Amino acid sequence: MIKPVLRMGDPILFKRAEPVMQFDTPELHALLQDMDDTMRSKNGAGIAAPQIGVSLQVVMFGVGANPRYPDAEQVPYTVLINPALEPIGAEMEEGWEGCLSVPGMRGVVPRYSQLRYRGFDPFGNAIDRTVSGFHARVVQHETDHLSGILYPMRIRDLRQFGFNEELFPGQQIVDE
Ligand code: NI
């Protein structure tokens, strides 16, 4: 079911999410279905459970050919539960991000270029990947949601934060 997406300012988005204790339950699958429906309805690259008001450590992401990120690398569709991130090296890179909870805007955010992430799929199977570039960026953005961090809180130069229409005039950017 498509759920309303909480927007920046809602206190739930600033909370630390609780870990999932039981996998493969009807409740977890229902949550994942709602997240998936909501993300797809908004053409999002990812979504975290707190964005639909559920303060659990559950994120999903995936980028095929997404009109929001026309030049972006593709990212495999992934459900990631109770994630743990480990940066590889100190190198960071800046890149544009948007968020379903900050609709109509974009900002330049520094992220680790490379990292290892671990967690679980909906059935409790372990996930362990080493990724870089846009995949690494998306994982960092989504897991930040579970710590109560929204991307504008990481922007270094607020001149590189603004409305899509002003930043990218004439470009077709699907609103999240
Ligand atoms: Ni977001």
Looking across the stretch 89-106 at residues that are among the hydrophobic types (A, V, I, L, M, F, W, C) and open to solvent by less than 70 Å² (accessible area, probe 1.4 Å), the single one that is nearest to the ligand (Cβ to nearest atom) is CYS99
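Taking the conditions exactly as written (over 19 Å from GLN57 (Cβ atoms) and modelled with pLDDT of 95 or more), does SER101 satisfy them or not? It would help to see each step written out before you state the result.
Working: over 19 Å from GLN57 (Cβ atoms): no; modelled with pLDDT of 95 or more: yes.
Spelling it out, it is not the case that SER101 is over 19 Å from GLN57 (Cβ atoms) and modelled with pLDDT of 95 or more.
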Conditions (1) in a loop (DSSP other than H, G, I, E, B); (2) surrounded by 21 or more Cβ atoms within 10 Å (Cβ to Cβ) -> MET39 fails only (1)
For the stretch 107-121, does any single residue satisfy the condition of being open to solvent by 30 Å² or more (accessible area, probe 1.4 Å), part of a strand (DSSP E or B) and within 16 Å of the ligand (Cβ to nearest atom)?
no
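Go through GLU142, GLU165 for me and flag whichever is within 16 Å of the ligand (Cβ to nearest atom) and either over 17 Å from the mean Cα position of the chain (by Cα) or open to solvent by less than 20 Å² (accessible area, probe 1.4 Å) (or both). Reasoning before the result, please.
Numbers: GLU165 fails: within 16 Å of the ligand (Cβ to nearest atom).
Of the residues listed, the single one that is within 16 Å of the ligand (Cβ to nearest atom) and either over 17 Å from the mean Cα position of the chain (by Cα) or open to solvent by less than 20 Å² (accessible area, probe 1.4 Å) (or both) is GLU142.
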Which numbered condition LEU85 fails, given (1) within 16 Å of the ligand (Cβ to nearest atom); (2) under 15 Å from the mean Cα position of the chain (by Cα); (3) open to solvent by less than 60 Å² (accessible area, probe 1.4 Å):
(3)
Somewhere in the stretch 148-155, is a residue more than 21 Å from PHE14 (Cβ to Cβ) and crowded, with 19+ Cβ neighbours inside 10 Å?
no
Contacts under 6 angstrom Cβ, first residue in the stretch 132-156 being closer than 15 Å to GLY107 by Cα, partner open to solvent by 20 Å² or more (accessible area, probe 1.4 Å) and within 12 Å of the ligand (Cβ to nearest atom), 6 or more apart
LEU150/MET8
Among (1) without any contact (Cβ under 8 Å) to a residue 60 or more places away in the chain; (2) open to solvent by less than 60 Å² (accessible area, probe 1.4 Å); (3) part of a strand (DSSP E or B), where does PHE61 come up short?
(1)
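The values are calculated or read from the model by the stated rules, or taken from the named source; none is laboratory data. Note that the structure is a prediction, hence the values are computed from the model and not measured. Note that each Cβ is placed from the backbone with ideal geometry, even for glycine, and that neighbours are counted across all protein chains shown. Side chains included, ligands, DNA and RNA excluded: accessible areas come from the protein's heavy atoms. Shrake-Rupley method; radii C 1.70, N 1.55, O 1.52, S 1.80 Å.
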